[in-house]
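Only the coordinates and a few stated rules stand behind these numbers; no lab work does. Everything numeric in this text was worked out from a predicted model, so none of it was measured. Positions of Cβ are backbone-derived with ideal geometry, glycine not excepted, and every protein chain shown enters the neighbour counts.
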Amino acid sequence: MKIKNHLQRYSISTLSLFSLFFSTLIIASNAQAANATISTTRPKLVVFLVFDQLRADYLLKYKEEFVKNSSSKLGGFNYLLENGSYYPYAEYNVLQNMTCPGHAMISTGSWPINTGISLNEWYDKETKKTVYCVEDEKYDRSPRRLATTTLSDEFKALDIPSKVFGVALKDRSGIMLSGRKADGVFWFNEKNWQWETSKFYKDLPTWMGPYNSKISKIKGEKKWLASKWGVEATINLGQEIILNEKLGKNKGTDFLFMSFSTHDIAGHTYGPNSKEMKELTLAEDLQIARFMNFMRSKFQLSKDVLFVLTADHGIPASIEYSNLNKVEAEFINEIEVIEKIYSELNKMYSPKEKQEWFSSFKSLHYYANDVVLEKLSINKKEFLETCRKIILKQNQLEEVLIPSSFTIEKIINPQLRAQVDNSFVGHQWGDLILVPRPYSMNKSQIVLVNHLTGYVYDRTVPLILVGDAFRRQTFYQKAYIVDIAPTVSAVLHSLPGAKSDGRILYETFRN
Ligand SMILES: [Zn+2]
């Protein structure tokens, strides 16, 4: 009996030992599988290529006309399209798509409610001044209004050697991408025709002196910034930084953020369906091809370099183009809208004396003049509701939002509600926000076409991730731009920005 018991016990324990051994094997093989998806070596250089206003369909439309890839010469957009994980329709999900918030979302992985950057500029009721997203009282320009950290800020916190540089014609693009810890961010000063930086960063590196004086001798014209010259100049400086700072040749992982502002400057002038934009996009492709071949001459491309290509926002068709195609788009006549509000408000609240009812109108945000409301003891909530009704009666708009009275019931449209949720930055927003109908826009004397909405044409952009970590595949899953920072950070074994909202696009990882 004893022996039997012992045997039984023995066999049970053998069994459990066996199963323990077996399950350890399973765990070990699972661990191996997990290891296989996460490479232990980091890329030497991370390069972001952000095209300002490159709507999703540009790459799809002109693919056949882009430079073809061959073993002797790499293509431009085609190299990236054919060698990485490609989301043709990646999205922003915000109320108004524009440059400064777009670049901040790319680098931080956060929606504007967490980056604190919902607009390029806004009216500050306290100081009664317009504030620009990268303006800084102390340093002139800086990322200090960004309310979180970026992916390269977090990487630098790992104490692994890392250099971070940013380049763009527009200061806000380079600054928002490169974050607080950047070693250098350069943007273009069109007055003295030179690249410049701010005191927030280190002084211009010594090699920039001779480089800048070479450029300033050209004495170019402002319109060049909207031509392929702007793209070429941005790539040239990117390559100069790689060579002079030995990016990708240092011990850790370096970052180069390049944003191509030219695409946006030209797109506003000509509209996305113009022959000028087609010519520019093909010229950009040649420049990217030049860059890719330069990179191949310096690095083992897929092993050493991780490329990200995306855009900060899209663009609608011009009103004229929409009308020709029977889309009833129109310019919102804001002067008429404002005159109507003023005359009705004067009649209603101040028949004897005309009042300045609003302090500022900016990017479809209307900032009420609180001094006048107080002086006349007008209930602000009622006042705003009245204004909303007056504007909607003119039948030009999709919706007029009153941010101070946001409740779930107030915004019934779930798409609009999600965009408001993601974008809300109270102190930057007006008391009223005008939401245009699809393809309609506010009239501007400076630009032909404008992007100020959350509609598909303004919010949909390409996303390509290239490097050893990523599959060569096209993905149609939902991908948001805030997913970029957590995904790249996962490959680098670092953290995304402190308030990251995105998910890791793990379907792109190679097994
Ligand atoms: Zn723009």
Free-standing Cys residues across the chain, given no other cysteine C-beta under 4.7 angstrom: 387
Per-residue ³J(HN,Hα) for segment 197-204, Karplus 6.51 cos²θ - 1.76 cosθ + 1.60, θ = phi - 60°, Hz, x for Gly and Pro: 9, 10, 5, 4, 9, 5, 4, 4
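Report, for the chain, the % of DSSP beta bridges that are antiparallel, rounded to 5.
For the chain, the DSSP antiparallel bridge percentage is about 50.
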Cut-off 20 Å, label 7 Å out along Cα→Cβ of residue 132, residues of segment 402-442 by amide N: 428-429
Per-pair calculated FRET efficiency, R0 = 22 Å: residue 427 and residue 498 via Cβ, rounded to 0.05: 0.65
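Report relative contact order for the chain in percent, whole number only (criteria: Cα-Cα under 8 Å, sequence separation at least 6).
Worked out over the chain, it gives 30 percent.
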Whole-angstrom gap from segment 401-467 to segment 125-175, using each part's C-alpha centre: 23 Å
Inverse mean reciprocal Cα-Cα distance (Kirkwood Rh) of the chain, Å: 24.9 Å
Stretchable slack from residue 296 to residue 392, in nm (0.36 nm times residue separation minus alpha-carbon distance): 28.9 nm
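Test of understanding: ordering 423, 71, 343 by Cβ neighbours within 10 Å, fewest first, what list do you get? Please report the intermediate quantities before stating the final value.
Working: 423 25, 71 5, 343 12.
Listed from fewest to most nearby Cβ atoms, that is 71, 343, 423.
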Sorted by Cβ neighbour density within 10 Å, fewest at the top, the residues 106, 446, 464, 402: 446, 402, 464, 106
